[in-house]
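Peer 1: Dropping the structure in here first, questions after.
What follows draws every value from the coordinates through simple rules; no lab data is involved. Small disclaimer: the values here were computed from a predicted structure and weren't measured. Cβ atoms come from the backbone with ideal geometry, glycine included; neighbour counts cover every protein chain shown.
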């Protein structure tokens, strides 16, 4: 299964934001990594470097490796609508991301683990593929045997649990519905998707 398992704070420092979730170490060292730290004079990035950086940020944010990301972009470019927006919508509709948005895990990596360990069902069927694309109207639930998992109950009871307009969550039966593809204005991620489109258009 494709996933990044390296040092996460270092990546967050590279982009200057907590792309993997709350990070107390990033708060202490909110400057790029390297031996010179905050004192190093940084050269102005070229147009290509800015575009590449934005793509890397999106990949790390959603936990997608290079080939997967290229495939998602290719699908977005073939679809109707604005390519950049469709790209983010496709990334948002990945099963691991939907599980994360529903609050079943505080991180996307944790949500991916819930999916791969067979704790999640889609329309009543067990799905253990993190990249599975959820469709509007699909019902995402926790498998009956897994509803008492401490990691899930802790996450749902956390004050960080946020409700999103494109997801309907029923806390009584621990099940949610993917209502529709989110609008770009509703997606909270700080990603400049147009730079990614420009990069792939070269």
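Peer 1: Would you mind getting me the FRET efficiency between residue 173 and residue 125? Use the beta-carbon distance for r and R0 = 22 Å, nearest 0.05.
Peer 2: Efficiency, from the Cβ-Cβ distance: 0.85.
Peer 1: Rank-order 176-185, 118-127, 92-101, 53-62 by packing density, defined as the average count of other C-beta atoms within 10 Å over each peptide's residues, highest first.
Peer 2: 92-101, 53-62, 176-185, 118-127
Peer 1: Take residue 133 and residue 189, extend 7 Å from each Cα along the Cα→Cβ direction, and tell me the distance between the two endpoints in nm.
Peer 2: 1.5 nm
Peer 1: When a/c is below 1.5 the answer is rounded, else prolate if a/b is larger than b/c, else oblate, so apply that to the stretch 94-180 with a ≥ b ≥ c taken from the square roots of the Cα gyration tensor eigenvalues.
Peer 2: Rounded shape, in that the Cα axes give a/c under 1.5.
Peer 1: So what is the relative contact order of the stretch 94-180, in percent, for Cα pairs below 8 Å that sit 6 or more residues apart?
Peer 2: Once normalised by length, the contact order is 32 percent.
Peer 1: If you don't mind, there's one more thing I want to ask. Given labels modelled 7 Å from the Cα in the Cβ direction, how far is it in nm from residue 74 to residue 48?
Peer 2: 2.3 nm
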